[in-house]
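**Q** Below: one structure in structure tokens.
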Amino acid sequence: MGIKILIGVGAAVLLIVLWFIGAYNGFVRADVAISGQWAQVETQYQRRFDLIPNLVNSVKGIMNQEKEVFGKLADARSKYAGAGTINEKATAAGEVETALSRLLVVMENYPELRSTETVTNLMASLEGTENRVAVERKRYNDIIQSYNQKLRVFPGALVGKMFGFSAKTYFESTEGAQNAPTVDL
């Protein structure tokens, strides 16, 4: 009879250990998924940044009077390239978006720019890229939400705390992004 109790206790301990291993591996998989999704966001940012110089050069050739917009766009792009953390990159990406918004307003004020075929094609590519960026950011935030939720509910909270997993930061818009930029030429 004593051996049966010992086997039962051993089996219960083994099940608990296996559950903890499974929970830990779930957090590791989620953390890796977050990193992978952020890489997808960065891939779209890189596509955006590859398009920007072509667009800027095309527009510059037609319109020289709006140097401030081009300067801010180039500066924001450089800040992103020099950013080290995800939060720094997200902030720099927000600055790029602000500068791009201003460029789009400038282009609306100059119909001859929009009619230029090169600029039109580049703008279409950039608009498509902006849509891709939005999709990848949403996917990133969805993965963060799932991970953070897993960290907050029992028993995941216990396992996460035990193994040092911490909440991740959502990608958020930069302050003032809801306001349309003004262009005063």
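The values are calculated or read from the model by the stated rules, or taken from the named source; none is laboratory data. Owing to the predicted nature of the structure, the values given are computational and were not obtained by experimental measurement. Here the Cβ positions follow ideal geometry from the backbone for every residue, glycine too, while neighbour counts run over all protein chains shown.
**Q** Determine whether the range 62-85 contains at least one residue that is over 23 Å from F171 (Cα atoms) and at pLDDT 80 or above.
**A** no
**Q** Right, V135: at pLDDT 85 or above, in a helix (DSSP H, G or I) and touching a helix residue (DSSP H, G or I) at 6+ places or on another chain (Cβ under 6 Å) or not?
**A** No.
**Q** List every residue pair whose Cβ atoms lie under 6 Å apart, where the two residues are 6 or more positions apart in sequence or sit on different chains, the first residue falls within the range 122-146 and is crowded, with 19+ Cβ neighbours inside 10 Å, and the second residue, located anywhere, is outside any helix (DSSP H, G or I).
**A** Hits for this filter: R137/F171; Y140/F171; I144/K168; I144/Y170.
**Q** Restricting the search to the range 82-106, which residues are in a helix (DSSP H, G or I) and of a type in the set (A, V, I, L, M, F, W, C)?
**A** I86, A90, A92, A93, V96, A99, L100, L103, L104, V105, V106
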